[in-house]
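Just so it is clear, none of the values below were taken in a lab; they were calculated from the coordinates. None of these values were measured; they are calculated from a predicted model. Cβ: placed from backbone, ideal geometry, glycine included. Neighbour counts: every protein chain shown.
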Amino acid sequence: MKKYFFFLLLVNSFCFAQSSLLQEQLDLELSTYEKDKVTKASAMPVLKAKSEFMPYKRRFEYLLINVSAIHSPDKLKERNAIWELYPDTVELKRLYLLKFTEDKKLAKYFDETAKCIKDAAATRKYTHTQEELMEVASKFFYCDKIRPDTAIIAHICVGLNGVKEAKWEKDYILLQAFCYEAIFTQFDSDTSRIWDAFTEEKKQAVDKYKKNITSLEQYLQDVKLELFKRMKNNLTLKQELLLYYEKNKNNLAFTLTK
């Protein structure tokens, strides 16, 4: 009985520590807008401005948006119900933050990410290959819309991407967060080699299918899949991702192999 109680104590302490980390590090950005002459609000989770993890904010941003249960599509009504509390911003923030701090899955990835940033010698439980890296990275270059004039719109985004369509069996969440951080950090450069590679590969994908369009929907699908394939094999993208990995491998929660 004593052993069982001690085990429960350890589990509860571990879960509390994870929840406390989210509580310590998390804040909300509140945005207001007008709809039908009524001021409404929405909120996004962010790291606190003074968080020690701000240099790595993009990997945490990815987790907060893509792992948290409250941000899943089926929770839209629940999110909106909380946002409807505006102008009671105190209660709105309290309830919304509670959804994140009580999220065990989010806490798990948040804690693993933070642990390896704070301790370079921490054990990495995930290992990925360079092929897996490119497979995951390619899904961020996402063709999602087509105009009547056949112009194809593509997004490279934290939430709007091809990751959700991939349905991988292996857990790539931390690898996804890395790819998002690496790509968008490179976009901050005055001249981005990844952006140039993307625009060229998109042009090549469009040119391949534009002369034989049977329907706009099929054309969009063909170009989307072609762009995924091209970006997966793009040497520039691979070079930049590997360079970013080498610079950050001591603070990442996974190991990359050939």
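I'm checking my understanding of the structure. Among residues of the stretch 21-79 that are in contact (Cβ under 8 Å) with a residue 60 or more places away in the chain and polar (S, T, N, Q), which one is nearest to ARG94 (Cα to Cα)? Filtering the stretch 21-79 for residues that are in contact (Cβ under 8 Å) with a residue 60 or more places away in the chain and polar (S, T, N, Q), the one nearest to ARG94 (Cα to Cα) comes out as GLN23.
It is to be established whether one or more residues within the stretch 185-198 are under 23 Å from PRO55 (Cα atoms) and in contact (Cβ under 8 Å) with a residue 60 or more places away in the chain. For the stretch 185-198, residues under 23 Å from PRO55 (Cα atoms) and in contact (Cβ under 8 Å) with a residue 60 or more places away in the chain: present. Within the stretch 212-248, the set of residues being farther than 30 Å from PHE53 by Cβ, touching a helix residue (DSSP H, G or I) at 6+ places or on another chain (Cβ under 6 Å) and among the hydrophobic types (A, V, I, L, M, F, W, C) comprises ILE213, VAL223, LEU227, PHE228.
The residue that is surrounded by the fewest Cβ atoms within 10 Å (Cβ to Cβ), counting only those in the stretch 181-198 that are acidic (Asp, Glu) and assigned to a helix (DSSP H, G or I), is ASP196. Which residues, taken from the stretch 91-134, are under 27 Å from PHE228 (Cα atoms) and out of contact with any Leu (no Cβ under 9 Å at 6 or more places or on another chain)? GLU131, the sole residue that qualifies. Has the stretch 208-215 got at least one residue that is touching a residue at least 60 places away in the same chain (Cβ under 8 Å) and under 20 Å from GLU135 (Cα atoms)? Scanning the stretch 208-215 turns up no residue that is touching a residue at least 60 places away in the same chain (Cβ under 8 Å) and under 20 Å from GLU135 (Cα atoms). Restricted to the stretch 199-217, and to residues there that are closer than 9 Å to ARG230 by Cβ and not acidic (Asp, Glu), the residue that is surrounded by the most Cβ atoms within 10 Å (Cβ to Cβ) is ALA205.
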